[in-house]
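Q: Input: one structure, supplied below.
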Amino acid sequence: MQYTLSILVENQAGVLSKISGLFSRRGFNIDSLAVGVTNDPRVSRITIVANGDEYVIEQLEKQLNKVIPVIKVKRLTEGAFISRELILIKVHCPAAKRAEIIKTAEIMQAKIVDAAPNCVTVEYCECNSRVNTLIDLLKPYGIREIVRTGTIAIDRGSAGVSV
Amino acid sequence: MISGAEIMVKCLEAEGVKVVFGYPGATICPFYDKLYDSEIKHVLVRQEQNAAHAASGFARCSGRPGVCVATSGPGATNLITGIATAYTDSIPLVAITGQVRSDLLGRDVFQEADITGACEPFVKHSYLVSRTEDLPRVFKEAFHIASTGRKGPVLIDIPMDIQLREIESFEYPDSVNIIGYKPNVKGHAVQVKRAVEAIRASRRPLIVAGGGVLSSGIKPKFRKFADTTRIPVISTMMGIGVMPSEHDMYLGMLGTHGKAVANRALYEADLVIVCGARLGDRAVAAPHQMSENNTVIHIDIDPAEIGKNVKTEIPIVGDMKNVLAMLNEEIGDYQVPNQWQEAVKAWKKDLYRVPPKFEGFVEPRSLVANLSSMLRSKAILVADVGQNQIWCANNFRIREGRFLTTGGMGTMGYSIPAAVGAKFARPTRDVVVVCGDGSFQMSLNELATIAGNGLAIKIIIMRNHRLGMVRELQDFNYKGRHSATILKGDPDFLKIAEAYGIDSAEANSNEEAEEILKGVVKSDKPFILVCNVYPDTPSI
Ligand SMILES: Cc1ncc(C[n+]2csc(CCOP(=O)(O)OP(=O)(O)O)c2C)c(N)n1
């Protein structure tokens, strides 16, 4: 089961390794991880997307709570949060295919942000599943490179995670 | 002006630290230089790992965090096993290490080791101090974190320039405020009510007591609770000493190496009240079976322990101290059904069986059983790891004293340094070590610490010329192929004792051993008794 954790931490050296260590020590892989400072400069927010069963997730939440610089851990409820990931995809693009690729990007509301004689770079900011759809659509043309920021997420409505 | 090193000493003084265990080196020299002028006693161990173990023994017997000190690089890495042991056993330590100058960090200079990185999985928290001004706050937090919530080791790594730099003034903070650290100690009233209802409804309730009961310092209150409710008690290895061994409702240690009657009681109970125990795999080999048979109430200060190993119906997060007080209040004059008490009394008769003797050898289980009567009631028994540990855990008749061993990590070589720490914490109590010939040789260098400080520690070596516990495992599971478990080339331990200026003797029968011990246990000098034990003596 895929889950998304939103973690508020004190903005200090070493916190990230403590948190990623909790996963790696138990042999769990992290699908994506994104970090950034919040509106309070002393506090950073880490968003982790990973896979595990109910027992594993509960254990991780509890272990994360034990890390001293961790202020709050929240597991976001499926369907009750908005998530986004920014992705840059460099696609192989001979002149003959250009129109097709541009059309595909348009349908998905992605942007072409760079072009060269034999390739284009597409920028896309969407939820994880739409990002994957775009990748699938572009695959047949030959993907040269993908760079993803990792998912960030926020509760819908007035719910939230705060100190 | 005041230097970082002087601030470090002042912080320790402000925390009321009287003894530290350590080993110096270049990067921690500024601190050692200031310590020279302080009232704080420094105990020079002979290897850093033992500084951490000694601090652990000290912490367990004093109720205050133990402090150990080492230099950077190899000094710091030598500490790791001791720190990891304290972490698994939930013992409060503050470990202080010197570090290379902060402008050299990451350049792999002489004796640089990333000790905060290396210790990451084994510490409750760690600091790499980057400003001299931060030292008072860091020390205050470190002592607070180590000694509250689920106790554990905290590491402070201090680069040499931070120790040398001078700042305007020193002021020790009188409170801490760590936003991410507010352990829940209170105990949830509704959960306690549910627990008491479950106890009242049950016919065969049982308490499993762990190290958490001892570390919250409520042994007398716990005993009173067990006495008034008459709920039978079994303990984990870390919980030994919670009840006096001879109590009619106490059935000994559970687990693969525990007492059959304790495991039987666990199996037959319809309600299990787990108090400050994590129920590791050595305690409950098949946790799912346990929860199939009974309802589980789990009281622990660490929410992450609840439901980790055993399925729990009624979780109560909180300090045993508070939860026990609430339970007491709620439970009134409840007493366990008579039938269950009678069953336990019948089992109790089977708790201690006299093991067969082997002619020409000391029977270790019988010796340990008789040891208590030779000691004062508050004696501290420190067992190492291996068969010697199981012999002690299952046979020592504890009264008001303590039983120290590493139940969580099982680090060979723990007993002698831990006894050093225990003796510094409780100089007037009898402190006795029981170890194997293998484990003795893992820390016999600390005989120098014992001799040098005139510590009246009595060491009983159970010599079987084997790494006995592994030998036994090989007999059971590896067709008796004794790969690397026969000790050859061991020295004459009596000559070793003599070399350190410690009196010693050898025994080949229980009568002989007891005769010798009676003569020396209460003396104010250290003593080593080498007991020749039949090599195939079983653990249980
Ligand atoms: C540091 C360390 N190394 C290895 C082990 C594995 N081990 C567990 S018990 C044991 C044998 C201990 O032998 P000894 O100290 O002679 O005690 P005995 O079992 O014979 O009583 C060993 C090697 C351990 N627990 N700790």
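Values in this text are rule-based calculations from the coordinates and carry no lab data. What you see is a predicted model; the values in this text were computed from it and never measured. Cβ placement follows ideal geometry from the backbone for every residue including glycine, while neighbour counts extend to all protein chains displayed.
Q: Can you give me the relative contact order of region A:82-152 as a percent, contacts being Cα pairs under 8 Å and 6 or more apart?
A: 52 percent
Q: Next up: Once every DSSP H run of n ≥ 4 in chain B is given -39500 (n - 2.57) and the sum is divided by its residues, what mean residue ellipticity at 222 nm do you get, rounded to the nearest 500 deg cm²/dmol?
A: It comes out at -11500 deg cm²/dmol, rounded to the nearest 500.
Q: Between beta-carbons, use under 15 Å as the cut-off and find the net charge around B:GLN474, counting Lys and Arg +1, Asp and Glu -1.
A: Spelling it out: positives minus negatives among the neighbours equals +1.
Q: Under a Cβ-Cβ cut-off of 11 Å, what is the net charge of the residues other than B:HIS298 that fall near it, where Lys and Arg count +1 and Asp and Glu count -1?
A: That sum, taken over residues with Cβ under 11 Å, equals -1.
Q: Using Cα pairs closer than 8 Å and at least 6 residues apart in sequence, work out the relative contact order for region B:18-146, in percent.
A: 24 percent
Q: Follow-up question, since we're still on this one. Check B:VAL274: other-chain or 5+ apart residues with amide H under 5 Å from its amide H, H built from backbone geometry?
A: Long-range HN contacts for B:VAL274: B:VAL208, B:ILE297, B:HIS298, B:ILE299.
Q: Taking each residue of A:66-77 in turn, how many C-beta atoms of other protein chains fall within 10 Å of its C-beta, and what is the average?
A: 4
Q: Using Cα pairs under 8 angstrom and six or more residues apart, how large is the relative contact order of region B:189-348, in percent?
A: 29 percent
Q: Residues with amide H under 5 Å of B:VAL69's amide H, sequence separation 5 or more or different chain, H placed in the peptide plane at 1.01 Å from N; which?
A: Residues meeting the criterion, in which the H sits 1.01 Å from N, are B:PHE21, B:GLY22, B:TYR23, B:ILE96.
Q: Per-residue mean of other chain beta-carbon atoms within 10 angstrom of the beta-carbon, peptide B:245-255?
A: Partner-chain Cβ atoms within 10 Å, mean over residues of B:245-255: 0.
Q: At B:GLU268 and B:ASP524, where each label point lies 7 Å from the Cα along Cα→Cβ, what is the point-to-point distance in nanometres?
A: That separation, rounded to one decimal, is 5.1 nm.
Q: Also: Can you list the HN-Hα couplings for region B:110-125, worked out from phi with the Karplus curve (6.51, -1.76, 1.60; θ = phi - 60°), rounded to whole Hz and with x for Gly and Pro?
A: Calculated HN-Hα couplings, in order: 3, 6, 9, 9, 6, 6, 5, x, 5, 8, 2, x, 10, 10, 6, 6 Hz.
Q: A follow-up question, please. Roughly how far apart, in whole Å, are the Cα centres of region A:90-105 and region B:91-107?
A: The distance from the Cα centre of region A:90-105 to that of region B:91-107 comes to 55 Å.
Q: Same structure again: Go through region A:67-83 residue by residue and turn each phi into a ³J(HN,Hα) via Karplus (6.51, -1.76, 1.60, θ = phi - 60°); whole Hz please, and just put x for glycine and proline.
A: For region A:67-83, the Karplus-derived couplings read 5, 4, x, 7, 8, 8, 10, 9, 8, 6, 7, 3, x, 10, 9, 9, 10 Hz, x marking Gly and Pro.
Q: Taking amide hydrogens as modeled 1.01 Å from N in the peptide plane, which residues meet the under 5 Å criterion relative to B:LEU404, leaving out close sequence neighbours?
A: Placed amide hydrogens put B:LEU381, B:VAL382, B:ALA383 under 5 Å from B:LEU404.
Q: Quick one: go through region B:389-424 and flag any residue whose amide nitrogen is under 17 Å from the point 7 Å out along the Cα-to-Cβ line of B:SER373.
A: Only B:395-400 fall inside the zone, counting backbone N under 17 Å.
Q: Let me ask you something else. Please give me the summed charge of the neighbours of B:SER216: other residues whose Cβ is under 10 Å from its Cβ, Lys and Arg +1, Asp and Glu -1.
A: Spelling it out: positives minus negatives among the neighbours equals +3.
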